[in-house]
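Got a structure for you, questions after.
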Amino acid sequence: MTGTAIELAAAIRGGSTTAAEVVDAHLAAIEATEPTIHAFNVVTAEEARVAAARVDQAIAAGEPVGPLAGVPVAVKDNLCTNGVATTCSSKILEGWVPPYDATVVQRLAAAGAITVGKTNLDEFAMGSSTENSAFGPTRNPVDTGRVPGGSSGGSAAAVAAGFAPLSLGSDTGGSIRQPAAFCGVVGVKPTYGLVSRYGLIAFASSLDQVGPFATTVADAALLLEVIAGHDPADATSIRQEAPRIVEHLDDGVAGLRVGLISELMGDGIDPDVAAQVRAAADALAAAGAMVEEVSVPAVTYGLSAYYLIAPAEASSNLARFDGVRYGLRVDAPTTNEMMVATRTAGFGAEVKRRIMLGTYALSAGYYDAFYGQAQKVRTLICRDFAAAYERFDVLLSPSTPTTAFELGAIEDPLTMYLNDTCTIPTNLAGHPAMSVPFGADRAGLPVGVQVLAPGLGEVPMFRAAAAIEAAAPSTGKTPTGKDA
Ligand code: GLN
């Protein structure tokens, strides 16, 4: 049986199917099209079958089971999984097997979810197409000539291809929302600190956040409830309970104040994408929301600030891959030469570019001009968002400037970075944002509408997302056969 996570969980609990049947159906889907899609670095079929049998035993014995009991889930391969290789799609982690589970992985298991595999990504989550993976690109299930977006392209593709109804990604500058938009699925970047980063291999620690992919807004809300909430193992974890979102999904948007960000609706945005975002805004207005355009001027500087701050943090975080502690080691006569040889062989071109950029931005004499300046811009972005949220409950923009592009179409790094224009500002502010599929461009490729909210504004964000989903026209090219 296949379906949404909520449908599957109810059917398994109700006895009309079993976790074993559900897992087998998804493993069969993987077997059929994974050779083309390449969503996974590893499929953990055996472990999944064992876990499914355990869920079925618990249900048969009348024991209480979690809200996701028996539901297959795919996990981005930068989240640590005890006993299962975790690679970040990098050669430098070759052979490394984590001795512990990330907190989110523990919470999935506690909720009864069944991990079916680890998904492909741009190496160390640096990229927007999954083409930077050391193990080859993932293809977009909507159109296999196109990229699924990145860096969580494998997680988005796994859900879009029906390999699992749910998956986890990480979002540092758009890596959940951009692939969600490209693959026609829902993707959520929660408020910074709402979901534990313990066991997420760090890229840029002040921006990284784990979040859900799903085919529906309700499934995404349920998965977020499962993974959110305080974790003492993460020093930046917010000290409060996970928000209750699912119970608010039918609250509607009457009176909700929605601001359409004018800076993200003009230059550089494909007119087909902008048209769908306007249509989504109209749909919210028709459902009773108060919709207006709003200027958030500093968002236009987000990209430049991010591409200093994120590489700066990455240059420090990735210093730990030294040939001594994890994975690959290329032997050489001295320790120093061993480290150089290991890092030269182990890191791909984009990761090296970021390390060099970040090291430069942090170096004596340039720190104030680059890193310091970028931090000031970050403050300006926070200030402009705060001003907008005095007048609006949520904001709206495209998730991405364009729809999915063809594999190999973008070779120049700067052009690739432009993919993140709409998503990066929220990461810099620490706010939540999500991408909801709404309509298609003239080629039939899915468009993602981004709903943004102030810190811990997940409930109004999901209410708006649910209303957008309810009004979404069908696109013709939906990956899983659901109405988009
Ligand atoms: N595409 C962005 C980058 O390359 C965002 C990555 C992410 O969110 N992990 O840095």
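Out of the DSSP beta bridges found with both residues in the chain, what percent are antiparallel (nearest 5)?
Antiparallel: roughly 65 percent of the beta bridges in the chain.
May I ask you to compute the full-extension gain from Arg239 to Thr2, defined as 0.36 nm times their residue separation minus their alpha-carbon distance, rounded to one decimal in nm?
Computed gain between Arg239 and Thr2 is 81.7 nm.
Moving to a separate point now. Over 21 Å between Cα atoms: which of Lys189/Lys352; Lys91/Lys118; Lys118/Lys189; Lys76/Lys189 fall into that group?
With Cα atoms farther than 21 Å apart: Lys189/Lys352.
Multiplying the sequence separation of Ala471 and Asp412 by 0.36 nm and subtracting their Cα-Cα distance, what value in nm do you get?
17.5 nm
Please work out the FRET efficiency for the pair His248 and Arg320, using the Cβ-Cβ distance as r and a Förster radius of 45 Å; give the result to the nearest 0.05. Kindly include the intermediate steps, with their values, before the conclusion.
Numbers: r = 41 Å, r/R0 = 0.90.
Computed FRET efficiency for His248 and Arg320 comes out at 0.65.
I would also like to ask the following. Shape of the range 69-176 from its Cα gyration tensor (a ≥ b ≥ c, root eigenvalues): rounded if a/c is under 1.5, otherwise prolate when a/b > b/c, or oblate?
In terms of gyration-tensor shape, oblate.
What distance in nm separates the two pseudo spin-label positions at Ser304 and Glu47, each 7 Å out from Cα along the beta-carbon direction?
The modelled label-to-label distance comes out at 4.5 nm.
If you don't mind, another one. Kindly list the residues of the range 398-427 that lie in the label zone of Arg442, defined by a backbone N under 16 Å from the point 7 Å along the Cα-to-C-beta vector.
Answer for the range 398-427: 402-404.
Here's another thing I want to ask about it. Could you rank the peptides 200-208, 414-422 by their average count of other C-beta atoms within 10 Å per residue, with the highest value first?
Most protected by this proxy first, the peptides run 200-208, 414-422.
Where the centre of each part is set by its Cα atoms, how far does the range 391-418 sit from the range 104-119, in angstrom?
First find each Cα centre; the distance between them is then 29 Å.
Would you please name the GluC sites (Glu not before Pro) within the range 390-430 that are DSSP coil residues with at most 14 other C-beta atoms within 10 Å of their C-beta?
Here the GluC sites (Glu not before Pro) that fit, given the DSSP loop and packing criteria, are Glu411.
Rounded to the nearest 5, what % of the DSSP beta bridges within the range 185-339 are antiparallel ones?
40 percent
Modelled label-to-label distance, Asp282 and Ala364, 7 Å Cα→beta-carbon offset: nm?
Placing both labels 7 Å along Cα→Cβ, they lie 6.1 nm apart.
When a/c is below 1.5 the answer is rounded, else prolate if a/b is larger than b/c, else oblate, so apply that to the range 212-364 with a ≥ b ≥ c taken from the square roots of the Cα gyration tensor eigenvalues.
prolate
May I ask you to list the GluC sites (Glu not before Pro) in the range 201-266 that are in a DSSP loop and have at most 12 other Cβ atoms within 10 Å of their Cβ? Write down the numbers at each step before the final one.
Working: sites: Glu225, Glu241, Glu247, Glu263; in loops: Glu241.
Loop-located and lightly packed - Glu241.
Could you state, as a whole-number percent, how many of the C-alpha pairs of the chain are farther apart than 38 Å?
18 percent
Put a dot 7 Å past each Cα toward the Cβ at Gln57 and Ala110; how far apart are the dots in nm?
Going from the Ala110 label point to the Gln57 one covers 2.2 nm.
Values in this text are rule-based calculations from the coordinates and carry no lab data. What you see is a predicted model; the values in this text were computed from it and never measured. In this analysis, Cβ positions are derived from the backbone assuming ideal geometry, glycine residues included, and neighbour counts consider all displayed protein chains.
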